[in-house]
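Taking it in order: structure first as structure tokens, then the write-up.
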Amino acid sequence: MKKYLPIGSVVLLKGSQKRVMVVCVKQKQADSPKVWDYSACLYPEGILDPEKLYLFDTEQIERLYFIGLQDTEGLTFLSKLAQLDTQDA
């Protein structure tokens, strides 16, 4: 079962020098059928332009700096997403 990082997690992507913060899990690309694991904004700047979010998959994460909020509501949501992934596989 795939595990997702919670919203607010801060990561460094492979080949990047700037950290990003997760703002969405399971993000569909607007001009493609592709669904990415995450969308993120620059950290610490935040969303400077909603048209310029970073889309990436778990495998592209080089380093995890911070794990976002983990409460019952968020963990239940992430668990349901992971279950859907196993049903789709």
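Taking amide H as placed 1.01 Å from N in the peptide plane, G68 has its amide H under 5 Å from the amide H of S9, V10, each at least 5 places away in sequence or on another chain. The charge dipole of the chain, taken about its Cα centre with unit charges on the Cβ atoms of Lys, Arg (+1), Asp and Glu (-1) only, comes to about 180 debye.
Please give the direction-averaged projected area of the C-alpha convex hull for the chain, in square nanometres with one decimal. Average projection, Cα convex hull of the chain: 6.2 nm². Using a Gaussian network model of the chain in which every pair of alpha carbons under 10 angstrom is joined by a spring, one finds that among S79, S16, S32 the greatest mean-square fluctuation is at S32.
What are the aspartates and glutamates whose alpha-carbon lies under 13 Å from the alpha-carbon of K80, with same-chain residues fewer than 8 places away excluded? Straight-distance partners of K80: D88. Ignoring lysines fewer than eight residues from K52 along the same chain, the ones with Cα atoms less than 22 angstrom from its Cα are K14, K18, K26, K28, K34.
Counting only heavy atoms of the protein chains and using a 1.4 Å probe, D31 has close to 130 Å² of accessible surface. Against the main long axis of the alpha-carbon atoms of the chain, helix 72-88 sits at an angle near 70°. For the chain, relative contact order (Cα pairs under 8 Å, six or more residues apart, normalised by length) works out to 36 percent.
The values are calculated or read from the model by the stated rules, or taken from the named source; none is laboratory data. The model shown is predicted, which means the values in this text are computed figures rather than measured ones. Every residue, glycine among them, receives a Cβ derived from its backbone with ideal geometry; neighbour counts consider all protein chains shown. Just the protein is used for accessible areas: all its heavy atoms, side chains included, with ligands, DNA and RNA removed. Shrake-Rupley method; radii C 1.70, N 1.55, O 1.52, S 1.80 Å.
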